[in-house]
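Notes follow once the structure below has been shown.
The values are calculated or read from the model by the stated rules, or taken from the named source; none is laboratory data. Computed from a predicted model, the values in this text were never measured in an experiment. Neighbour counts run over all protein chains shown; Cβ positions are idealised from the backbone, glycine included. Note: accessible area is taken over every heavy atom of the protein model, side chains too, but ligands, DNA and RNA are not part of it. Shrake-Rupley method; radii C 1.70, N 1.55, O 1.52, S 1.80 Å.
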Amino acid sequence: MPHKVAVLPGDGIGPEVIDEAVKVLRASGGAFEFEYALLGGAAYDETGHPLPAATLDLCKASDAILMGAVGGPKWDRIEPVTLRPEIGALLPLRRELNLYANLRPAKTLRALVHASPLKEGRNMMDLVVVRELTGGIYFGQPRHRAADGSSAVDSCVYHRYEVERIAERAFAIAKARGHKLVSVDKANVLETSRLWREVVDEVAAKNPGVSTSHMLVDNCAMQLIRDPGQFDVILTENMFGDILSDEASMITGSLGLLPSASLSDAKGDAVFGLYEPVHGSAPDIAGQGRANPLAAILSAAMMMRYSFGDGETADRVEAAVEAALSEGLRTADIFEKDTRLVSTSEMGDAVVAKMV
Ligand code: NAD
């Protein structure tokens with residue numbers, strides 16, 4: 001049976017980078033059935049809604065989703081705000097599809113080691129942040145502003161089952177990587193963090209092969225700068241994960257190279273997930289063939305690894321990306337002296353050529 005993949009190119013550079021990711025998947029030798037649908041501003045222009053029902057139905061009927069990015073100045077002033085691409089498409093898509101586990105790998109690539117803001121020799125890292133994506137303070141109720149504007153309330157709520165399922169996912173990932181997991185919380189202050197720690201300890205007891213420790217979030221923010229190489233899997237709640245995954249990403253120094261996955265539960269043999277580059281729709285360079293497609297291509301590799309259990313193909317794609325970079329090929333965002341400037345599609349072709 002071919003893997004059924006919903007392809008949502010979105011806006012700006014989304015379609016350009018997604019074309020290259022699909023090109024690489026087609027060249028990987030796997031069997032796929034790609035079906036395209038509108039999302040974001042492109043969907044709003046065509047149908048009046050950034051997340052049309054047909055798109056959501058296609059996603060629900062697929063094994064995995066490959067997404068570009070949405071949004072841009074053209075749609076920034078739409079009223080009501082719930083029809084703007086980021087609010088009207090991304091958030092409901094995550095909620096409707098129960099995408100509760102957000103995975104953001106951050107790896108320093110040898111060919112780009114000097115792009116990191118950290119000193120060479122202190123910036124080598126290969127970690128993944130596993131962030132809880134559908135609970136915590138971003139979703140907790142009550143949330144309100146006093147009528148006179150004098151105060152505001154957000155609520156941080158976590159249920160045991162939410163912590164349990166994200167912890168189980170993170171331990172499974174640690175087992176497939178370096179067998180080391182750091183759970184990050186603020187247990188010295190927050191009750192939700194104390195529950196978090198308790199549940200993580202219970203899941204850790206069932207996974208004796210993984211070396212587990214706890215770290216306070218403020219310390220973790222510091223340790224990421226001091227010695228990012230110490231981490232393998234960082235497991236954390238929604239808001240801390242939002243901040244720490246951005247921090248870890250930036251240590252690699254190149255936005256155009258960062259992939260992500262948002263996973264739900266298993267659906268038959270496959271883990272249902274949405275895969276997208278971390279970057280946005282980059283309207284400033286859209287349509288010019290200047291976008292770096294590697295984040296989208298690496299997101300496709302994550303899809304092979306996590307949704308389709310095909311680590312071998314994922315490894316091949318990742319090695320091909322490193323090989324193209326080692327050969328000195330660069331899109332404009334990472335171009336430097338003594339390297340060769342290539343377009344979006346030339347970079348995609350180079351990755352295909354390097355796949356063995
Ligand atoms: P952005 O990530 O789109 O761009 C930031 C800068 O990085 C720009 O200079 C851009 O040219 C560059 N850049 C980004 N990706 C690149 C790539 N692959 N290759 C080369 N250069 C790249 O962030 P922004 O400018 O803050 O946002 C632009 C639009 O994207 C906004 O409408 C925003 O809401 C939306 N956005 C969407 C998502 C998403 O769909 N998940 C995520 C972030 C931002």
Neighbour cut-off at most 10 other Cβ (10 Å), DSSP loop, GluC sites (Glu not before Pro), region 63-120: Glu120
Debye log10 I(q)/I(0) at q = 0.16 Å⁻¹ for region 117-251, Cα point scatterers: -0.80
Cβ crowding within 10 Å averaged over residues, with 38-49, 208-219 ranked highest first: 38-49, 208-219
Trypsin sites (Lys or Arg not before Pro) lying in DSSP loop within region 185-270, provided at most 12 other Cβ fall within 10 Å: Lys206
Segment Val356-Val113, extension gain: residue separation times 0.36 nm, minus the distance between their alpha carbons: 85.0 nm
For region 201-250, diffusion coefficient by Stokes-Einstein and Kirkwood Rh (Cα), 25 °C, 0.890 mPa s, µm²/s: 205 µm²/s
Extended-chain gain in nm, criterion 0.36 nm per residue less alpha-carbon gap, Glu46 and Arg226: 59.9 nm
Where only C-alpha atoms are counted, convex hull volume of region 276-356 per residue in Å³: 86 Å³
Table column - 3J(HN,Hα) (Hz), region 100-109, Karplus curve with 6.51, -1.76, 1.60, x for Gly and Pro: 8, 10, 9, 10, 10, x, 9, 9, 7, 9
Within a Gaussian network of the chain (alpha carbon springs, distance under 10 Å), most fluctuating of Val81, Val342, Val203: Val81
Cα-centred dipole magnitude for the chain, charges only on beta-carbon of K, R (+1) and D, E (-1), debye, nearest 20: 500 debye
Selection of trypsin sites (Lys or Arg not before Pro), region 312-356, meeting DSSP coil and at most 13 other Cβ within 10 Å: Lys337
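Ignoring ligands, DNA and RNA, please state the percent of accessible area on region 117-251 from carbon and sulfur, probe 1.4 Å.
Reported share for carbon and sulfur atoms: 55 percent.
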Alpha-carbon Rg with Dmax, taken over the chain, Å: 20.1, 65
Two-site FRET efficiency, Ala147 against Glu202, from Cβ-Cβ distance with R₀ of 45 Å, rounded to 0.05: 0.60
